[in-house]
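Asker: This is the structure I want to talk about, given as C-alpha cells.
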C-alpha cells in the first residue's frame with residue numbers, strides 16, 4: 001500500500017477513549033481495538049493494530065487490521081482490506097480483500113480479488129470481480145458456502161434488485177389483469193356490496209395496470225443494459241482457485257453460471273469455458 005499523503009493521527013489504545021462516531025479526513029492509526037458499537041469514518045488509510053468488534057467502519061483508501069473483523073461489523077473500503085480473520089461481518093472493498101487466516105460466515109465483496117492463500121472460507125458469501133483464492137472452502141459438515149466471481153459485486157446486486165422488481169411488477173400486472181377481466185365480464189348488479197365497490201374502481205385499476213406495465217418495460221430495458229455492461233466489464237480470466245480442498249455444499253458461480261459442489265474436490269480451479277463452468281486440476 002502506498003505512502004500516506006495526508007496527516008496521520010495516532011490513538012494510543014482503544015478507540016473507546018474517543019467519542020463515537022469518530023470522523024477524520026486524513027489517516028488514522030489505532031494501536032488498540034475498535035470496540036462494540038463504534039462508528040468510524042476515515043478519509044484516508046486506517047490501520048488498527050488490534051481488532052474490530054461489532055463496529056461500523058468506512059475507509060476512503062486502505063484498511064489494515066492486525067487481528068480480526070468480527071461480531072457483525074460492517075466495513076466499507078475504497079481501496080483494499082487486509083485482516084488476520086473475518087467472522088460474521090460484512091466487508092465491501094473496491095479493490096482487494098486479503099485474509100491471512102479464515103473467513104467464517106462472512107459476507108465479502110471485492111471489486112477485484114479475495115485472497116486467502118493459506119486460509120479457509122467457511123460459510124457466508126464471497127464475491128469478487130476477478131479472482132478468489134483460498135486454501136480450503138466449506139467444511140466436512142456441508143456448511144452452505146457461496147463463491148461468486150467474474151461479475152462485479154455492484155452489478156450482481158443491481159441485477160438481483162432489478163429481478164426482484166420485475167417479479168413484483170409481473171405479479172401485480174397479472175393480478176390486476178385477472179381482476180379486470182372478471183369485473184368486465186360480470187353484471188355489477190349481481191355482485192355483493194364489497195365486489196360492487198371494486199367494480200366502481202375499475203378505471204383506477206386499469207390505470208394502475210398501465211402504470212405497472214410501463215414500469216415493467218423500463219425495468220426490462222435496465223436489466224438488458226446491465227447485462228450488456230457485465231459483458232463489457234468481463235475480466236480476462238475470472239476464476240476460483242482452491243489449493244487444498246473444496247467440500248460438498250459449496251455453491252460456485254462464475255459469471256452467471258452455477259456449479260453446485262456435490263462431492264469433495266482437491267487442488268482445483270473453477271473457471272469459465274464455452275459459457276460453462278469447468279474444473280481444471282492445479283499443477
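The values are calculated or read from the model by the stated rules, or taken from the named source; none is laboratory data. It should be emphasised that the depicted structure is a prediction, and the values quoted were computed from it without experimental measurement. We place every Cβ from the backbone using ideal geometry, glycine too, and count neighbours over all the protein chains shown.
Asker: Restricting to segment 24-53, give me the number of residues that are within 24 Å of the chain's Cα centre (by Cα) and surrounded by fewer than 17 Cβ atoms within 10 Å (Cβ to Cβ).
Answerer: Summing the residues that are within 24 Å of the chain's Cα centre (by Cα) and surrounded by fewer than 17 Cβ atoms within 10 Å (Cβ to Cβ) in segment 24-53 gives 3.
Asker: Check residue 274 against each of (1) loosely packed, with under 12 Cβ neighbours inside 10 Å; (2) at negative phi and name the one condition it does not meet.
Answerer: Condition (2) is where residue 274 drops out.
Asker: Still on this structure, I have one more. Among the residues of segment 151-172, is there at least one that is touching a helix residue (DSSP H, G or I) at 6+ places or on another chain (Cβ under 9 Å) and farther than 30 Å from residue 210 by Cα?
Answerer: Yes, segment 151-172 contains a residue that is touching a helix residue (DSSP H, G or I) at 6+ places or on another chain (Cβ under 9 Å) and farther than 30 Å from residue 210 by Cα.
Asker: Name the one entry in 181, 151 that is in a loop (DSSP other than H, G, I, E, B) and either farther than 17 Å from residue 245 by Cα or free of Cβ contacts under 8 Å to residues at least 24 places away in the same chain (or both).
Answerer: The conditions single out 151.
Asker: Another question about this same structure. When you look at residue 211, is it modelled with pLDDT of 85 or more, part of a helix (DSSP H, G or I) and farther than 30 Å from residue 279 by Cα, yes or no?
Answerer: yes
Asker: Give the number of residues within segment 101-120 that are in a strand (DSSP E or B) and either outside the structural domain of residue 90 (by TED's automatic domain parsing) or in contact (Cβ under 8 Å) with a residue 40 or more places away in the chain (or both).
Answerer: Residues flagged as in a strand (DSSP E or B) and either outside the structural domain of residue 90 (by TED's automatic domain parsing) or in contact (Cβ under 8 Å) with a residue 40 or more places away in the chain (or both) within segment 101-120 amount to 3.
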